[in-house]
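Participant: The structure's right below; bear with me while I get my questions together.
Just so it is clear, none of the values below were taken in a lab; they were calculated from the coordinates. Bear in mind the structure is a predicted one, so any value in this text is a computation, not a measurement. Cβ coordinates were reconstructed from backbone atoms using ideal geometry, including for glycine residues, and neighbour counts include every protein chain displayed.
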Amino acid sequence: MKRTIRFALAILLSVGLAGSLFAQTSKTWKISLIPQTMSNPFFVEMAAGAQKAVSDLKARGTNIVLSVQAPQEETDAEAQLGLVENAITKGANAIIFPAISPDGLIPGVLEANKAGVKIINVDSGLNFDSLAKQGGKIVCYIGSDNVQGGQIAGQAMGEFFKGQAGPIEVGIIEGLPGHVNAMARKKGFLDAIAAYSNVKVVASQTANWDMNQGYQVMQNMMQSHPYIKAVFGSSDQMSLGAIAAIKDAGKKDQVTVFSFDATTAGLQAVQEGTMYGTVAQYPTQMGYMSVQTAINVLTNPGSEVQMPPKIFTKVLFITKDNIEQADKVTK
């Protein structure tokens, strides 16, 4: 199924989008990107990708005004919904957002549908079953397969300890409770690590995507489980907090950190050796493709019916051994 979706994406990029990418028009399209926050480097990169698409499309004759606004807090779903509603009121033709709350953003989608505004859901998915039951629709979802990303992190940890006598105690630092990506990453990790009988998950606690909370959670894990050997942080932000806690506890060579996101800071930690590896995503490509897709459906009425419902970008586990590939993934 994933192969089919990625194949469909290749067709869309090479054929379906070609008309809009090179078609000239005097109309100015208004696109609103509403990230979860702009204090997280992941979403800064996403916005940069969206802006790059705007520049490339402008060079080909398509005029776009891109607005980027985000809540102050990455957990403030109500604020994100308010920004979606404001974008509709201000006449946006298309709105792109990673949903803070899978259900909390549905009222905004329904309002956008009534106003004829196109919705692209990127990175963090909506509750698609609930949306369909309420008669709502989006153009498509664009983002990583977070279950797969969690799986490759779990496989990397399992292989790291393969052949070592167990039980090897490890922990998980989870993302925001109820968040689609947080749940998917944890599920993928647990599915993969279950294949390694010598590895035992002894602690799993949320840090709400926050670096300071990641520090506190890691402190708690080391105190409760003094023999813990590794931790999987569901985001680089939380993992960086964990790294600081490990350093302060004098356990830099005793606890190995596996992470997710491949942000600039995360990759630097990999290079420095304080983080073993991190799952790279495509935040820049997500932003770029979302703008492309929005313009395609805006300039080619009826093209939505040919759009696959979900378009998955790739994921790759980055370590020191392949860190040179990080730019190919995230840029």
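Participant: If r is the Cβ-Cβ distance from T319 to N212 and R0 is 22 Å, what FRET efficiency results, to the nearest 0.05?
Facilitator: Once rounded, the FRET efficiency stands at 0.25.
Participant: To test your reading of the geometry: what angle, between 0 and 90 degrees and rounded to tens, separates the Cα axis of helix 236-248 from the longest principal axis of the chain?
Facilitator: Orientation of helix 236-248: about 20 degrees from the principal axis.
Participant: Return the long-range amide H neighbours of I168 (sequence gap of 5 or more, or a different chain), with a cut-off of under 5 Å between placed amide H atoms.
Facilitator: Result for I168 returns V199, K200.
Participant: Specify the residue with the greatest mean-square fluctuation among S259, S224, S204, computed from a Gaussian network of the chain linking alpha-carbon atoms under 10 Å apart.
Facilitator: Comparing S259, S224, S204 in the GNM, the peak value goes to S224.
Participant: Oh, and also: Just flag the chymotrypsin sites (Phe, Trp or Tyr not before Pro) in region 169-263 sitting in loop per DSSP whose Cβ has no more than 13 other Cβ atoms within 10 Å.
Facilitator: Y227
Participant: May I ask for the angle, rounded to the nearest 10°, between helix 77-89 and the longest principal axis of the chain, with both axes built from Cα atoms and the value confined to 0 to 90°?
Facilitator: On a 0 to 90 degree scale, this one is about 10.
Participant: Okay, moving on. Pairs K58/K137; K200/K247; K27/K310; K30/K187; K187/K247; K200/K252: which exceed 32 Å Cα-Cα?
Facilitator: In this structure, K30/K187 lie more than 32 Å apart at Cα.
Participant: As a check on your grasp of the helix formula, calculate [θ] at 222 nm for the chain: sum -39500 (n - 2.57) over DSSP H runs of n ≥ 4, divide by the residue count, round to the nearest 500.
Facilitator: Taken over the chain, the calculation gives -14000 deg cm²/dmol.
Participant: What value in Å³ per residue do you get for the convex hull of the alpha-carbon atoms in region 146-280? Kindly include the intermediate steps, with their values, before the conclusion.
Facilitator: Details: hull volume 11.9 nm³, N = 135.
Convex hull volume per residue, Cα atoms: 88 Å³.
Participant: Between Q205 and R60, how high is the FRET efficiency from 1/(1 + (r/R0)^6) when r is the Cβ-Cβ distance and R₀ = 41 Å? Nearest 0.05.
Facilitator: Details: r = 49 Å, r/R0 = 1.18.
After rounding to 0.05, the efficiency reads 0.25.
Participant: What are the semi-axes of the equivalent ellipsoid for region 21-159, taken as the square roots of 5 times the Cα gyration tensor eigenvalues, largest first, in whole Å? Let's see the in-between values first.
Facilitator: Values: eigenvalues 135, 83, 44 Å².
Working through the eigenvalues yields semi-axes of 26, 20, 15 Å.
Participant: State, to one decimal in nm², a quarter of the convex hull surface area for the C-alpha atoms of the chain, i.e. the direction-averaged projected area.
Facilitator: Result: 16.4 nm².
Participant: Right, here's the next one. Give the angle, between 0 and 90 degrees and rounded to the nearest 10, that separates the Cα long axis of helix 146-160 from the longest principal axis of the Cα atoms of the chain.
Facilitator: In the chain, helix 146-160 runs at an angle near 20 degrees to the longest axis.
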